[in-house]
1. What Kirkwood radius, in Å to one decimal, follows from the Cα pairs of segment 33-115?
2. From Cα pairs below 8 angstrom and at least 6 apart in sequence, can you work out the relative contact order of segment 95-319, rounded to a whole percent?
3. On the principal axes of its Cα set, how long, how wide and how thick is segment 95-319? Give whole Å, largest value first.
4. Any chance you could list the semi-axes, whole Å, largest first, of the equivalent ellipsoid that the Cα gyration tensor gives for segment 106-220, using √(5λ)?
5. Run the simple label-point estimate for residue 262 and residue 187 please: 7 Å along Cα→C-beta, distance reported in nm.
6. Calculate, in whole percent, how much of the Cα-Cα pair population of segment 187-327 lies beyond 18 Å.
7. Could you pull out every one of the aspartates and glutamates with an alpha carbon less than 13 Å from that of residue 59, ignoring same-chain neighbours closer than 8 positions?
8. Report the local net charge at residue 209: Lys and Arg +1, Asp and Glu -1, summed over other residues whose C-beta lies under 10 Å from its C-beta.
Amino acid sequence: MKWTWDSGLFRRVTGGLLLALAASAAHAGVVVVLNSGDASVSLIDQDARSEIRRYHVGKEPHHLMALPDGSALIVANAAGNDLMFLDPKTGEPLRRLASIPDPYQIGYSPDKNWFVVAGNRLNRIDVYSARGGELTLAKSLTAAKTPSHITFSADSKIAFVSLQDSDQIAAVRLSDQVLMWKMKVGAMPAGLWMTPGDKHLLVGLTGGDSVEVIDWRAQQSIKKIKTGKGAHNFRPLGDGRLLFVSNRVDNSVSVIDQLTLEKQYDISVPGGPDCMEVSADGKQLWVTQRWIKQVAVVDVPQRKIVHTVKVGRSPHGIFFSNSAAWK
């Protein structure tokens, strides 16, 4: 599978967009926000906390991630069946990779050898070999119902996928792309997170009010950490200990201690908080507010919103290059 260029895309984003992107490079950073309901990307000046530009990117962009080498930012267009690659510092479009069916959620294994796609709409998990930097489909696995989020074991042997509408999680052995097991968990499992040392797998229960703690080796539920209704997605602070959890229904973000597996406190974030990004110093948490076309900037020490930015419809994934480490 080879990169394919979309010349029409570049005609649509030339002119004023490229001038705006060049100007934005002088600032501390550009925040990239995916507006899944508008098929667009919002670019926000991180210092001024205002939208620089908005442009079409592809149908239903939900999630995004940087390439392992940091050279590009991947936007997964679920209904567009393609991946868009952006400059991670400016948000400028670089290239498009077509014929990637239903990339709702995406992830690279820690060893960079495997690329996994959760096909939310198609009820399947696609495992691609990523060796040599080129994606080659190794196997498609039927995975009813509604594959949602992905995480990996540190040794890159297993990919874990939440099956949101079956109330299960699945484990896929990457070496031969075998579905090893499925396990029943709480209602509507979504976000997944592996605690330090691969000790526990955490599952955000969007149909409940908790994060479920799993001993994944024994396939046993250990406990549920009550956070808030609609517990959905995770973002670590970057200190190896504290973890943010967005509660979409409860309109809050909870902070969990990964070592004690206890909730520390909550921060009020209205409008369906979803995906999150953290500043390099750990003092700012940026949160997409899914239902009100906004992004909230939270002062973490003060535990309150200090600014909001208007964006497009149904903002979902968010990224900026000068962020705290994912650990």
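Any read-out appearing in this document is the output of simple, stated calculations on the displayed coordinates, not a laboratory observation. As the structure is a computational prediction, the values presented were derived from the model and not from experiment. Cβ sites come from the backbone with ideal geometry, for glycine too, and all protein chains shown count toward neighbours.
1. Working: mean 1/r = 0.0768 Å⁻¹.
Its Kirkwood hydrodynamic radius stands at 13.0 Å.
2. Values: 637 pairs, mean separation 19.3, N = 225.
With pairs under 8 Å counted, the relative contact order is 9 percent.
3. 48, 43, 31
4. On the way: eigenvalues 97, 51, 24 Å².
Semi-axes (√(5λ), whole Å): 22, 16, 11.
5. Result for the modelled spin labels: 2.8 nm.
6. On the way: 5002 of 9870 pairs.
Every Cα pair in segment 187-327 considered, those over 18 Å come to 51 percent.
7. 38, 82, 102
8. Working: positive: 224, 226, 229; negative: 250.
It works out to a net charge of +2.
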